[in-house]
Amino acid sequence: DPNTTYKFYQRVKETHTHTASNPSAELSVTTYELPAPTSPNAPTLSAKTDTTVTLDMVDGCEYRMDNGKWQQSNVFTGLIPNSTHNFYQRIAQTEQHCSSESSPALEITTDKSQASLPKAPLLLKSESTSITLVAVSGYEYSMDGIHWQDSPIFLALTPETEYCFYQRIKETDTNYASQISMSLTVKTEPEYIVGDLNGDEKVNLDDVAYLLNHVYFPARYPVYQNCDFSRDEIVSLDDVAYLLNHIYFPDRYPLK
């Protein structure tokens with residue numbers, strides 16, 4: 001090592017006729033101090049991604065990130081997206097000179113990651129004036145691909161109207177927003193009066209008869225609104241009886 005003191009000894013070697021002698025007195029020698037080259041300028045950026053930084057290679061230099069160890073490679077990998085680091089370079093030690101002082105720092109922030117393209121949204125519920133999509137954690141939703149909202153529920157829509165819906169992965173501290181998904185086209189339900197099953201804009205015994213027919217012949221008598229009036233999670237004769245009671249006792253048997 002440069003500028004270091006070493007002690008040296010010698011002795012007579014062992015032969016067939018005599019053993020090795022004791023060591024001689026020591027000789028103390030200090031090596032010369034190597035000259036220190038001038039500190040280089042701050043490194044310059046060659047390329048970066050969300051997890052790597054590549055500095056411009058300079059002959060004879062070595063590199064360091066933050067307070068890490070010096071390395072020969074000018075490439076730093078395994079970094080966190082959107083994280084900021086300081087990078088340095090110095091002239092590496094050789095037989096002719098010692099290493100230089102560190103250069104000034106170059107501050108670099110890695111890119112954010114690019115989120116993957118999501119699938120088209122899925123429909124959870126369609127009503128006359130609202131559409132509810134299936135919520136996905138970390139996603140946001142849009143009707144035009146321009147204005148985005150966190151909620152998968154879209155209100156104040158027009159009955160019997162088609163709308164297109166999109167979703168994308170939201171931008172975060174470490175990733176950009178994804179590209180926009182394919183669209184989901186949904187038509188809102190017709191506007192109806194609760195209990196008006198035959199579409200004549202009033203609730204009467206004709207609707208009770210329609211619901212009774214629906215219980216036994218659902219394919220021939222479809223309904224387009226929630227008819228679980230008894231709230232037991234099935235549409236049955238109990239709901240027919242509830243609708244009949246509503247006609248005569250609307251306050252005691254309200255429809256919702």
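List of remarks:
- Estimated FRET transfer efficiency (N22, N86; beta-carbon r; R0 35 Å; 0.05): 0.05
- V136 paired with V75, simple spin-label distance in nm, labels 7 Å along Cα-to-beta-carbon: 3.3
- log₁₀ of I(q)/I(0) at q = 0.10, 0.12, 0.15 Å⁻¹ - region 46-129, Debye sum with one point per alpha carbon: -0.39, -0.47, -0.62
- Helix 205-216 and the longest principal axis of the C-alpha atoms of the chain enclose an angle of approximately 60°.
- Dipole magnitude of region 5-133, debye to nearest 20 (Cβ charges: Lys/Arg +1, Asp/Glu -1, about Cα centre): 380
- Residues in region 224-229 carry Karplus couplings, in order, of 10, 8, 6, 10, 7, 5 Hz; the curve used is 6.51 cos²θ - 1.76 cosθ + 1.60 with θ = phi - 60°, and Gly or Pro positions show x.
- Under a 5 Å amide H cut-off, with hydrogens placed 1.01 Å from N, A120 pairs with M182 among residues at least 5 apart or on other chains.
- Phi to ³J(HN,Hα) by Karplus 6.51 cos²θ - 1.76 cosθ + 1.60 over region 194-202, Hz, x for Gly, Pro: 4, x, 8, 8, 9, x, 9, 6, 8
- Using the Cβ-Cβ distance between K7 and D59 with R0 set to 35 Å, the FRET efficiency works out to roughly 0.40.
- Taking 0.36 nm per residue of sequence separation and removing the Cα-Cα distance, the E201/A241 pair yields an extension gain of 12.4 nm.
- Using just its DSSP H runs of length 4 or more, each adding -39500 (n - 2.57), the chain gives a mean residue ellipticity at 222 nm of -3000 deg cm²/dmol after division by all residues.
- Protein heavy-atom accessible surface, 1.4 Å probe, per residue over region 123-234: 61 Å².
- Of the cross-linked pairs K170/K256; K48/K119; K125/K202; K112/K187, those separated by over 27 Å at the C-alpha level are K170/K256; K48/K119; K112/K187.
- Cα-Cα P(r), the chain, percent of pairs per 10 Å interval: 6, 16, 13, 12, 11, 9, 8, 8, 6, 4, 3, 3, 1, 0
The values are calculated or read from the model by the stated rules, or taken from the named source; none is laboratory data. Nothing here was measured: the structure is a model prediction, and the numbers come from that model. Methodologically, a virtual Cβ is constructed for each residue, glycine included, from the backbone with ideal geometry; neighbour enumeration extends over all protein chains shown. To get the accessible areas, we keep the full protein, side chains included, count just its heavy atoms, and leave off ligands, DNA and RNA. Shrake-Rupley method; radii C 1.70, N 1.55, O 1.52, S 1.80 Å.
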